[in-house]
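**Q** Can you keep this structure in mind? I'll have questions shortly.
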Amino acid sequence: MRIYHNLASMNLYRRYKDNLSAQSIAHGRVSSGLRVKTSKDDPNAMAESQKLKLQIRGLQMATRNMQDGISILQTADGAMGNIGESLQRVRELMVKASGVTTPEDKQIIQDEVNQMLEHINTVAESTEVNGVKLLNKPTSENPKALNPIVQIGAMADEKLEVPFFDLSTDGLKIQDVTATDFGGSLIKLDDAINKIGEYRGKYGAISNRLETTYNNTNAMSIRIEGAEAELTGADIAYEMMEYTRASLLVDSGIAMMAQTNKFPQDVLRILENIKSR
């Protein structure tokens, strides 16, 4: 026994501080759900976690981009369907004009044809998403008619360009369709109708690709998020066990320090007993 240095109490205090620190760490991990909250907890895991988070957030934004891309394609497809129906009506009128008709009848037919052609131009001009026109060629007056670029992944080169088609009467080359030249007009209309079918097929294929890529990207994001959770997430069962163990040791340390702090008094009592003899 020593009076000047209570080594037993000091040793217990050192272990008490270690157990108190372990208790605090376990409590923080349980309350936050994270094993790695700062870089000092695990520098390597923190570095890997940051890379995974970068990829996760990129993939999540890519899925939103693809949803927007699908919406753009659906909007364009609906407009092309409407233009296709208008072309079918114009073709019917051309066939009607080739029958037994008077000049007055042809003029009436031409008036309706002109209205339908104007409608096609209106649809091509007004079809847009977020200010980007989809079915009209870019001009100095209309600089927003651009090819939409869809980012379909977290990396810079993972992108898809949605093709642009000019579906105005100029783009379809039907601006000079007339009831008097129904033969040449029918050829131009058939070509325009075939183009509409071809363009809708391309947009449909791109839409299917985007939906498939969206499902794959979404699943990939979930898997990478799980991997990131394995790196930085806390095992709650294990941390609760550590917290309970540390709490017991802290409590027992306090009790034992209360006992060891009495050692100097015990030495004094021994000395008093010797003196009394």
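Only the coordinates and a few stated rules stand behind these numbers; no lab work does. As the structure is a computational prediction, the values presented were derived from the model and not from experiment. Note that each Cβ is placed from the backbone with ideal geometry, even for glycine, and that neighbours are counted across all protein chains shown.
**Q** Compare the Cα positions of Val36, Ser221, Thr178 along the charge dipole of the chain (+1 at Cβ of Lys, Arg; -1 at Cβ of Asp, Glu; about the Cα centre) and return the one farthest towards the positive end.
**A** It is Val36.
**Q** Per residue of the stretch 224-238, in order, report the coupling 6.51 cos²θ - 1.76 cosθ + 1.60 (Karplus, θ = phi - 60°) as ³J(HN,Hα) in whole Hz, putting x for Gly and Pro.
**A** After applying 6.51 cos²θ - 1.76 cosθ + 1.60, I find 5, 5, x, 5, 5, 5, 5, 6, 10, x, 8, 7, 4, 4, 5 Hz.
**Q** Here is a follow-up. Among the aspartates and glutamates, which have Cα under 17 Å from the Cα of Lys40 when same-chain residues fewer than 8 positions away are ignored?
**A** Answer for Lys40, where 17 Å is the Cα cut-off: Glu48, listed by chain and number.
**Q** Measuring from a point 7 Å past the Cα of Ile222 along Cα-to-C-beta, which residues in the stretch 50-82 have an amide N at less than 19 Å?
**A** Within reach of a label on Ile222: 53, 55-67.
**Q** What does the extension gain come out to for Ser71 and Lys202, with contour length at 0.36 nm per residue minus their alpha carbon separation?
**A** 45.7 nm is the gain from fully extending Ser71 to Lys202.
**Q** Another question, then. For the stretch 1-126, report the translational diffusion coefficient in µm²/s to the nearest whole number, using Stokes-Einstein at 10 °C, 1.306 mPa s, and a Kirkwood Rh over Cα pairs. Display every interim value, and only then the final one.
**A** On the way: Rh = 22.8 Å.
Value of D from the Cα-based Kirkwood radius: 70 µm²/s.
**Q** Still on this structure: 5 Å is the cut-off here: which amide hydrogens, built 1.01 Å from N in the peptide plane, fall below it relative to Gln151, excluding neighbours closer than 5 in sequence?
**A** The answer is Leu160.
**Q** Test of understanding: extend the Cα→C-beta vector of Asn130 to 7 Å, then name every residue of the stretch 208-224 with backbone N under 17 Å from that spot.
**A** 210-211, 214
**Q** Here is a follow-up. Determine the dipole magnitude for the chain: charges of +1 sit on the beta-carbon of Lys and Arg, -1 on that of Asp and Glu, nothing else is charged, the reference point is the Cα centre, and the result goes in debye to the nearest 20.
**A** Its charge dipole is roughly 2700 debye.
**Q** Before rounding to the nearest 500, sum -39500 (n - 2.57) across all DSSP H runs of length at least 4 in the chain and divide by the residue total; then give [θ] at 222 nm in deg cm²/dmol.
**A** -26000 deg cm²/dmol
**Q** Also, quick follow-up: Quick one: Cα convex hull volume of the chain, Å³ per residue?
**A** 164
**Q** Can I ask one more? Of Ala62, Ala97, Ala234, which is farthest towards the positive pole of the chain's charge dipole, taken about the Cα centre with +1 and -1 on the beta-carbons of Lys, Arg and Asp, Glu respectively?
**A** The one lying farthest along the dipole's positive direction is Ala234.
**Q** I would also like to ask the following. Please enumerate, by chain and number, the aspartates and glutamates with C-alpha under 17 Å from the C-alpha of Lys159, excluding those fewer than 8 residues away in the same chain.
**A** Asp68, Glu211
**Q** Beyond a 21 Å Cα-Cα separation, which of these cross-linked pairs lie in this structure: Lys106/Lys195; Lys133/Lys173; Lys96/Lys195; Lys133/Lys195?
**A** Beyond 21 Å between Cα atoms: Lys106/Lys195; Lys96/Lys195.
**Q** Hey, what did the chain get for relative contact order, percent, Cα under 8 Å, at least 6 apart?
**A** With pairs under 8 Å counted, the relative contact order is 36 percent.
**Q** Still on this structure, please answer the following. Output ³J(HN,Hα) for the stretch 79-91: one whole-Hz value per residue in order, computed from phi by the Karplus curve 6.51 cos²θ - 1.76 cosθ + 1.60 with θ = phi - 60°, and x for Gly and Pro.
**A** 5, 5, x, 5, 5, x, 5, 5, 5, 4, 5, 4, 5
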